[in-house]
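To start, the structure itself, in structure tokens.
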Amino acid sequence: MNSPSIVRTNTAELYDAHVMKNYARAAVTLVRGRGTLVWDDAGNRYLDFTSGIAVSALGHCHPHWVAAVQRQAAELIHVSNLFRNPNQGELARRLVGYAGPGRVFFCNSGAEADEGMIKLARLHGVKKAGGEEGRCFKIVGAKNAFHGRMFGGMSATPQEKIQKGFRPLVPGFAFGELNNLESFAALVDDQTAAILVETIQGESGINPCTPEFLRGLRRLCDERNLLFLLDEVQCGLGRTGKFYAFEHAGVRPDVIAMAKGLGGGMPIGAVWAGEKAAELFQPGSHGTTFGGTPLACAAALATLDVIEREQLLAHVTQTSVVWHEALCRLAADFSRHIVAVRGRGFLVGVQMKDDTASWLAALRERGLLAVGSGNNVIRLLPPLIATTDELAKSVEIFRATLVAKA
Ligand SMILES: *Cc1c(COP(=O)(O)O)cnc(C)c1O
């Protein structure tokens with residue numbers, strides 16, 4: 001109908017006129033995706049190493065996922081949580097299989113999963129205080145954390161750029177130094193109900209918790225009867241080569257928040273709670289209209305099917321070794337621009353000496369989409385299906401971009 005250039009002009013104008021300005025958007029309109037590739041409305045092709053920020057785990061339009069969603073859309077899309085639906089039951093079973101004995105609550109996003117987790121912490125505190133409200137409600141989190149944009153999660157996100165303008169925040173949050181167990185232990189008192197960290201901090205520059213730190217937090221929570229809450233919204237669902245990133249440390253939390261990669265592109269979040277917290281929600285204590293619809297759960301089930309059938313955890317573990325080596329070589333060759341390479345599996349941060357905006361634009365011009373993260377970090381989040389060749393291609397483009405800038 002319209003020529004591509006007319007559509008492009010139109011979309012930019014529509015955004016300028018009608019879409020809220022809460023994002024500093026790249027001047028690109030994406031219209032189509034297949035596997036690891038996306039196309040813009042001018043016909044330019046990109047290697048998509050954003051995966052929609054760790055969402056499109058199977059890349060774009062994986063045939064098994066598309067067939068499952070099409071089938072479910074023609075069968076039953078939405079029913080209220082006042083009724084059962086088979087897909088939600090089956091998805092809960094599958095997630096309990098990965099996380100361990102417990103129960104799952106379904107929602108629609110990472111922020112909502114974090115809110116659910118924070119509410120479980122409050123209920124645990126009430127239980128700890130013998131049923132009295134307001135006595136035990138504090139949560140110890142980490143500096144530089146990110147737990148979403150709603151009031152609970154935002155209050156657990158001690159970053160000026162995120163909290164500015166929205167105070168007063170939810171009370172009761174204190175923040176220790178990541179990977180410093182003593183600094184967390186020093187903040188725990190009789191009013192503390194839980195400890196909350198991201199297993200790998202995603203938004204503030206890819207900062208992993210060390211295994212010793214995670215094991216220490218587990219011990220601290222056991223000793224002081226605290227819930228151990230892990231936000232795996234970004235690092236979970238296979239991104240590090242294990243289903244959950246905490247598996248690398250051999251610990252198990254009491255509660256897990258997940259979302260991003262879970263639906264393979266469909267909005268769905270989930271909170272898993274182990275024995276210590278699985279019974280805290282009772283009828284009326286929490287809910288959401290859209291959580292765990294037949295359609296969203298069908299997408300998540302299809303995503304898990306592909307992760308399992310195509311052995312994507314092993315794939316990420318194996319292929320990321322050579323990719324990381326190549327990125328580290330790049331960092332060594334261009335040490336005047338690159339400070340460090342961090343991360344695990346397909347969750348990688350390349351810390352630059354200067355601001356990332358111009359680097360991201362230059363990478364894009366050469367056909368690689370990446371995303372910024374705090375502290376001058378370029379985040380590379382390939383879909384879990386990315387091939388060895390595609391990973392190598394990303395390094396090639398990165399190298400060409402650095403050479404051009406030199
Ligand atoms: C993205 C993210 C969130 C928020 O998820 P939304 O789906 O954007 O609400 C929360 N925690 C972590 C660790 C995240 O990376």
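A few points about this structure:
- Listed by position, the strands (runs of 3 or more DSSP E) enclosed by region 227-278 that each have at least 2 residues that are more than 19 Å from residue 342 (Cα to Cα) and more than 14 Å from the chain's Cα centre (by Cα) are 227-231, 269-273.
- Subset of region 40-82 [within 12 Å of residue 294 (Cα to Cα) and in contact (Cβ under 8 Å) with a residue 12 or more places away in the chain]: 68, 69, 71, 72, 73, 75, 76, 77, 78, 79, 80, 81
- Number of residues in region 208-254 that are surrounded by fewer than 22 Cβ atoms within 10 Å (Cβ to Cβ), touching a Lys or Arg at 6+ places or on another chain (Cβ under 7 Å) and under 17 Å from residue 304 (Cβ atoms) equals 0.
- Positions within region 231-252 being within 14 Å of the ligand (Cβ to nearest atom) and either over 17 Å from residue 142 (Cα atoms) or not charged (D, E, K, R) (or both), in sequence order: 233, 234, 235, 236, 237, 239, 240, 244, 245, 246
- Here residue 243 meets each of (1) outside the structural domain of residue 119 (by TED's automatic domain parsing); (2) on the phi < 0 side of the Ramachandran plot with one exception, condition (1).
- Failed condition for residue 124, given (1) away from the ligand (no atom under 16 Å from the Cβ); (2) not in a helix (DSSP H, G or I): (2)
- Any chance residue 174 is at negative phi, within 25 Å of the chain's Cα centre (by Cα) and crowded, with 24+ Cβ neighbours inside 10 Å: no
- Scanning region 28-44 for residues being farther than 23 Å from residue 384 by Cβ and part of a strand (DSSP E or B) gives a total of 2.
- If you go through region 271-325 and keep only what is surrounded by 21 or more Cβ atoms within 10 Å (Cβ to Cβ) and of a type in the set (Gly, Ala, Ser), you end up with 273, 277, 291, 292, 296, 298, 299, 300, 302, 320.
- Applying the criterion of being among the charged types (D, E, K, R) and farther than 18 Å from residue 196 by Cβ to the residues of region 101-134, the residue that is surrounded by the most Cβ atoms within 10 Å (Cβ to Cβ) is 103.
- Qualifying residues in region 190-205 (those that are over 16 Å from residue 374 (Cβ atoms) and more than 10 Å from the ligand (Cβ to nearest atom)) - the one surrounded by the fewest Cβ atoms within 10 Å (Cβ to Cβ): 190
- Filtered by the rule that a residue be aromatic (Phe, Trp, Tyr) and within 13 Å of the ligand (Cβ to nearest atom), region 145-189 gives 146, 151.
- From the options 76, 95, 47, 14, residue that is away from the ligand (no atom under 16 Å from the Cβ), part of a strand (DSSP E or B) and not charged (D, E, K, R): 47
- Cβ-Cβ under 7 Å pairs, at least 6 apart or on other chains, region 1-26 side among the aliphatic types (A, V, I, L, M), far side at pLDDT 95 or above: 7/41; 26/364
- Subset of region 356-386 (residues that are of a type outside the set (A, V, I, L, M), farther than 19 Å from residue 235 by Cβ and in contact with a Gly (Cβ under 9 Å, 6 or more places away or on another chain)): 356, 359, 376
- Considering the conditions (1) in contact (Cβ under 8 Å) with a residue 40 or more places away in the chain; (2) among the small types (Gly, Ala, Ser); (3) farther than 14 Å from residue 54 by Cβ, residue 238 is excluded by exactly one of them, (3).
- With respect to the conditions (1) in contact with a Ser or Thr (Cβ under 6 Å, 6 or more places away or on another chain); (2) within 28 Å of residue 97 (Cα to Cα); (3) more than 16 Å from the ligand (Cβ to nearest atom), residue 213 falls short on a single one, namely (1).
- Output for region 111-121, where each listed residue is within 7 Å of the ligand (Cβ to nearest atom) and in contact with a strand residue (DSSP E or B) (Cβ under 6 Å, 6 or more places away or on another chain): 112, 114
The values are calculated or read from the model by the stated rules, or taken from the named source; none is laboratory data. Note that the structure is predicted; figures quoted are calculated from it, not measured. Note that we place each Cβ from the backbone using ideal geometry, even for glycine, and neighbour counts take in every protein chain shown.
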